[in-house]
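Q: Take this structure first; my questions come after.
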Amino acid sequence: MVLHKAPIPVGKRVRQGKGEDALAKEAKKQDREGGSPTKFDAGAEKGLKGKALTVVNPMNTLNKVTGGAKSAEISPLYFPGAKSSALRAHAGVKILVYRVESPEDISDPINIMFKLDLAGKTLRTSNPAAASQKYSRKYYPLKALDVELWENDGKFGISMIERQTSCMCFYSPVERDYIFSTEEDRRFFVTLIHSVDDEVLPAAALEAVKQSATPSTESDNIRLFVSTWNQGDTEVSKNLAGDWLPNDGSVDLFVIGTQESKLGKDSTGLVSNAANAWFKTLQDAVGDDYVAVATRNMFQNFLWVATKKEHANKFTQVETYQAEQGIGKVWGNKGGTAVALRFNGYKMAFVNTHLAAHAEKWEKRNEDIQEIVANVHFGNYAQVEFVNQYTTFWLGDLNYRVEMDREEATACVEAGDLATLLAKEQLAQQMEAGILDGFIEGKITFRPTYKFDPKPPVFIGTEPRKFSAHKDRTPSWTDRVLMRPMPGHSITQVGYDSAFKVQSSDHDPVFATYDFDAPAIPQGGNYRRFLLVLSGLTVSDLTAPGPNVQITINFPFLDDIKKGIKFKHTIAVNPVPNKPGSFKNGGTFKLGPFVTTAEFFRRRHVTLRVKDKNERHGTTSISLKDAVESDDPQAFDSPLTRRTYRRGKISGTVIVKVAGGTETGVEMGHDSEEEEGADADVADADMETDEEDDAAQPGETKNPLDADEEGDEPEPENEEEKE
């Protein structure tokens, strides 16, 4: 194989990513065909920084596919208890309503803007058309209001009555009447004010907030086809459709990773059009009912993700990345390409890798896996490895071999004795020793997929090929697909096989099929006041702990409030007597209150990281799905991993409960040291600005969230160093 030349340093070149190309082409297509009424700006949609190419929901630009519809969004999260302007600014809600004379007379409505301040528990009204906005504004404390609901002529309205809040003898209540654009808008407003002050609505009006949970949706099982193929730098077979790629409409999401793909005349891989040609070949094979969600290519490593058009607007936050693991960590012949995305709010990542070759290089392959996990960054938390943020599918030519003589292994395969080979298979041995902890692989019932003599592209195989004697390579399952589900995600593997009829390479393609239960995002739902409560955090079986062991709690769901800023709280844990490697904090940690719907938390996680003065030990994620659906704290016992090796485990309880009355947390201004048995009531989360500072010792004060009342927000850190 011809290696490409050393690439131009990242800072001196602009790397063209396939997502970027697709956006630019779609923009030109829309201009030619008239497109949508709104001018589409491809430059505004693409993100480019270093090796990371981020494309924010490219499906929304495909108006021909989605009809211009936006992706469904999970209910917003408001944090009225926040002390910083970075979060406090997101506790205000604006709703356009119409002032009318009375419930009986709605003939001459006037536009009025409601601004509900969830933190200050006040309602501001203003007339957008008034000559002086200052004098058109009126402020009402919620505690001074009664709200009654009414309907007239298909319009949904409220009567807002000011209560007497002083001892003045002569008091005449003022009533104002408003109508909303839709019933959903009125429900949104009513449930919001009820969530922050449950005395605003009289008993007669509580019917609108009786529903205690967000409306449920039917199960939305999608079929994933995840496949890998080392193409051996050859012209590919012509029989891809049917003999490898299903073309019967049974697949909802295709994920195809290839290695050693042919580059054509430009063997450097820097300006070759081979990736585009290959992606078009895949598109032609699966048919016009599918559309690409994301692509990424690195030298001869290509990754293609495509979905049925009917699912196109269910994807959000699509990102791509690459990690070179070849010579000097800059050669792209080894390493990986990756895509991360959300489908109906559920987070998935796909990593297509080509690891070090040769049977004796299993240690190097293990190192490659660890380096890829360390160097591929998705989301807002670089120090939280992506395998602890996403349901991860790991595919590719992993190059792990069977440790047997070639002739002996071949004889076993011909005799149908796969068990003897599997007992000496390196990947299974290394996973048993600890690498890729938590990853699951389907049962291998197919023949080894390497090594064969390639056939011409027009050749259509009808039976498996004989193994090649060239280079004396032992038949092995070098090509694999593995999966690591996130807690709370329901995913089932339903198939695992090879496509032996596709014979143009010295490898057979390997594919796995999965059913993922990812219900659609329900629309509507009641806003309520929630507290997140963690208790009894206990670390056990920690590998080689040092002094000052701490647990850092990260809150990725707060990214929905303020992008680019990371939130955390760090607590100290004390050694458990007579139990080496065990530490505990018996206190209770509260965060909130939040104002949102229960659905917001069903697809969310809290991340826990354990570290000491000298090193980071491991990370895990805790699902909030059961925590918000139960009235009782939910116990968890979760492994801590670092670079895919298990380093211990952490246990405790978690619940997301409806906050009653005036129950709130208190301000957290720094990473505090909590003694065992102490409670930490938290209304605001600390922001990390640098991972090195994150190693501060207990008691060291860091308060970057101390922003002023005028709205000066803390400066977000450099995009390339964000955690």
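The values are calculated or read from the model by the stated rules, or taken from the named source; none is laboratory data. As the structure is a prediction and not an experimental result, all values here were calculated from the model. Because the Cβ atoms are built from the backbone with ideal geometry, glycine has one as well, and the counts that use them run over all protein chains shown.
Q: Do the conditions hold for R602, that is, is it under 26 Å from V196 (Cα atoms) and not assigned by TED's automatic domain parsing to the domain that holds V384?
A: On the way: under 26 Å from V196 (Cα atoms): yes; not assigned by TED's automatic domain parsing to the domain that holds V384: yes.
It is true that R602 is under 26 Å from V196 (Cα atoms) and not assigned by TED's automatic domain parsing to the domain that holds V384.
Q: While we're here: Could you please find all residues in the range 223-253 being aromatic (F, W, Y) and either in a loop (DSSP other than H, G, I, E, B) or in contact with a helix residue (DSSP H, G or I) (Cβ under 6 Å, 6 or more places away or on another chain) (or both)?
A: Result: W244, single match.
Q: On the basis of being part of a helix (DSSP H, G or I), on the phi < 0 side of the Ramachandran plot and either hydroxyl-bearing (S, T, Y) or under 25 Å from the mean Cα position of the chain (by Cα) (or both), does N276 make the cut?
A: The answer is no for N276.
Q: Taking the range 250-265, which residues are modelled with pLDDT under 95 and surrounded by fewer than 16 Cβ atoms within 10 Å (Cβ to Cβ)?
A: Listed by number, the residues that qualify are G264, K265.
Q: Which of the residues that make up the range 129-154 are at pLDDT 85 or above, more than 13 Å from V200 (Cβ to Cβ) and touching a Ser or Thr at 6+ places or on another chain (Cβ under 9 Å)?
A: Listed by number, the residues that qualify are A129, A130, S136, R137, K138, Y139, W150.
Q: Output yes when any residue across the range 374-386 is of a type outside the set (G, A, S) and out of contact with any strand residue (DSSP E or B) (no Cβ under 7 Å at 6 or more places or on another chain), and no when none is.
A: Restricting attention to the range 374-386, the residues satisfying the condition of being of a type outside the set (G, A, S) are 375-378, 380-381, 383-386.
Filter once more, so that each one left must be out of contact with any strand residue (DSSP E or B) (no Cβ under 7 Å at 6 or more places or on another chain): 383.
The answer is yes; a qualifying residue exists.
Q: Another question about this same structure. For the structure I just gave you, tell me whether A411 is assigned to a loop (DSSP other than H, G, I, E, B) and over 25 Å from the mean Cα position of the chain (by Cα).
A: Judged against the criteria, A411 is not a match.
Q: Quick check on W304: is it in contact with a helix residue (DSSP H, G or I) (Cβ under 6 Å, 6 or more places away or on another chain), closer than 18 Å to G335 by Cβ and modelled with pLDDT of 95 or more? So that I can check it myself, show each step before the final result.
A: Values: in contact with a helix residue (DSSP H, G or I) (Cβ under 6 Å, 6 or more places away or on another chain): yes; closer than 18 Å to G335 by Cβ: yes; modelled with pLDDT of 95 or more: yes.
Spelling it out, W304 is indeed in contact with a helix residue (DSSP H, G or I) (Cβ under 6 Å, 6 or more places away or on another chain), closer than 18 Å to G335 by Cβ and modelled with pLDDT of 95 or more.
Q: Go through the residues of the range 338-347 one by one and say whether even a single one is over 30 Å from I521 (Cα atoms) and of a type in the set (S, T, N, Q).
A: Within the range 338-347, none of the residues are over 30 Å from I521 (Cα atoms) and of a type in the set (S, T, N, Q).
Q: For the range 122-163, which residues satisfy the criterion of being outside any strand (DSSP E or B), within 16 Å of I112 (Cβ to Cβ) and of a type in the set (A, V, I, L, M, F, W, C)?
A: Start the filter on the range 122-163 by keeping residues that are outside any strand (DSSP E or B), which leaves 127-137, 142-144, 153-154, 163.
Subset that is within 16 Å of I112 (Cβ to Cβ): 127-137.
A129, A130, A131 - these are the residues of the range 122-163 that are outside any strand (DSSP E or B), within 16 Å of I112 (Cβ to Cβ) and of a type in the set (A, V, I, L, M, F, W, C).
Q: Does D541 satisfy the condition of being under 19 Å from M348 (Cβ atoms) and of a type in the set (D, E, K, R)?
A: Spelling it out, it is not the case that D541 is under 19 Å from M348 (Cβ atoms) and of a type in the set (D, E, K, R).
Q: Is one or more of the residues making up the range 476-496 closer than 22 Å to A423 by Cα and in contact with a Lys or Arg (Cβ under 6 Å, 6 or more places away or on another chain)? Give the derivation first.
A: We begin by selecting, within the range 476-496, every residue closer than 22 Å to A423 by Cα; these are 476-483, 495-496.
With the extra rule that they be in contact with a Lys or Arg (Cβ under 6 Å, 6 or more places away or on another chain), the set shrinks to 476.
Taking every residue of the range 476-496 in turn, at least one turns out to be closer than 22 Å to A423 by Cα and in contact with a Lys or Arg (Cβ under 6 Å, 6 or more places away or on another chain).
Q: So, one more: Of the residues V339, V413, which is out of contact with any His (no Cβ under 9 Å at 6 or more places or on another chain), of a type in the set (A, V, I, L, M) and surrounded by 20 or more Cβ atoms within 10 Å (Cβ to Cβ)?
A: Of the residues listed, the single one that is out of contact with any His (no Cβ under 9 Å at 6 or more places or on another chain), of a type in the set (A, V, I, L, M) and surrounded by 20 or more Cβ atoms within 10 Å (Cβ to Cβ) is V339.
Q: Modelled with pLDDT under 95 and surrounded by fewer than 18 Cβ atoms within 10 Å (Cβ to Cβ): is that true of P547 in this structure? Quick ask: steps written out before the conclusion?
A: On the way: modelled with pLDDT under 95: yes; surrounded by fewer than 18 Cβ atoms within 10 Å (Cβ to Cβ): yes.
Against the criterion (modelled with pLDDT under 95 and surrounded by fewer than 18 Cβ atoms within 10 Å (Cβ to Cβ)), P547 qualifies.
Q: Anything in the range 528-573 that is β-branched (V, I, T) and in a loop (DSSP other than H, G, I, E, B)? List them, or say none.
A: Residues satisfying the conditions are T543, V549, I561, I565, V573.
Q: Taking only pairs six or more apart or across chains, which ones have beta-carbon atoms under 7 Å, a first residue in the range 405-418 that is closer than 15 Å to K451 by Cβ and of a type in the set (A, V, I, L, M, F, W, C), and a second residue that is modelled with pLDDT of 95 or more and outside any helix (DSSP H, G or I)?
A: Once the first residue is closer than 15 Å to K451 by Cβ and of a type in the set (A, V, I, L, M, F, W, C) and sits in the range 405-418, its partners that are modelled with pLDDT of 95 or more and outside any helix (DSSP H, G or I) give A409/V402; A409/T474; A409/P475; V413/R447; V413/P448; V413/P475.
Q: Of everything in the range 166-188 that's out of contact with any strand residue (DSSP E or B) (no Cβ under 8 Å at 6 or more places or on another chain) and polar (S, T, N, Q), which residue is modelled with the lowest pLDDT?
A: The residue in question is S166.
Q: Could you please let me know if V481 is within 27 Å of K238 (Cβ to Cβ) and assigned to a loop (DSSP other than H, G, I, E, B)?
A: On the way: within 27 Å of K238 (Cβ to Cβ): yes; assigned to a loop (DSSP other than H, G, I, E, B): no.
In short, no.
Q: I'm checking my understanding of the structure. Among residues of the range 550-589 that are more than 18 Å from G648 (Cα to Cα), surrounded by fewer than 23 Cβ atoms within 10 Å (Cβ to Cβ) and of a type in the set (K, R), which one is modelled with the highest pLDDT?
A: The qualifying residue modelled with the highest pLDDT is K568.
Q: Please go through the range 516-561 and give me each residue that is over 18 Å from the mean Cα position of the chain (by Cα) and of a type in the set (G, A, S), ordered by number.
A: G524, G525, S535, G536, S540, A544, G546
Q: Which condition breaks for F114 when tested against (1) part of a strand (DSSP E or B); (2) of a type outside the set (D, E); (3) not assigned by TED's automatic domain parsing to the domain that holds F188?
A: (3)
Q: I'm checking my understanding of the structure. Among residues of the range 122-150 that are in contact with a helix residue (DSSP H, G or I) (Cβ under 9 Å, 6 or more places away or on another chain) and surrounded by fewer than 16 Cβ atoms within 10 Å (Cβ to Cβ), which one is nearest to V196 (Cα to Cα)?
A: P128
Q: Can you list the strands (runs of 3 or more DSSP E) lying wholly within the range 280-386 that have 3 or more residues being more than 21 Å from the chain's Cα centre (by Cα) and touching a residue at least 12 places away in the same chain (Cβ under 8 Å)?
A: Values: elements: 290-298, 301-308, 315-324, 335-343, 346-354.
The qualifying strands (runs of 3 or more DSSP E) are 290-298.
Q: Taking the stated definitions as given, is T420 in a helix (DSSP H, G or I), of a type in the set (V, I, T) and out of contact with any strand residue (DSSP E or B) (no Cβ under 8 Å at 6 or more places or on another chain)?
A: The answer is yes for T420.
Q: Still on this model: With respect to I435, determine if the residue is surrounded by fewer than 23 Cβ atoms within 10 Å (Cβ to Cβ), under 17 Å from T644 (Cβ atoms) and either polar (S, T, N, Q) or in contact (Cβ under 8 Å) with a residue 12 or more places away in the chain (or both).
A: yes
Q: Could you please give the count of residues in the range 425-480 that are farther than 30 Å from I491 by Cβ and among the charged types (D, E, K, R)?
A: 9
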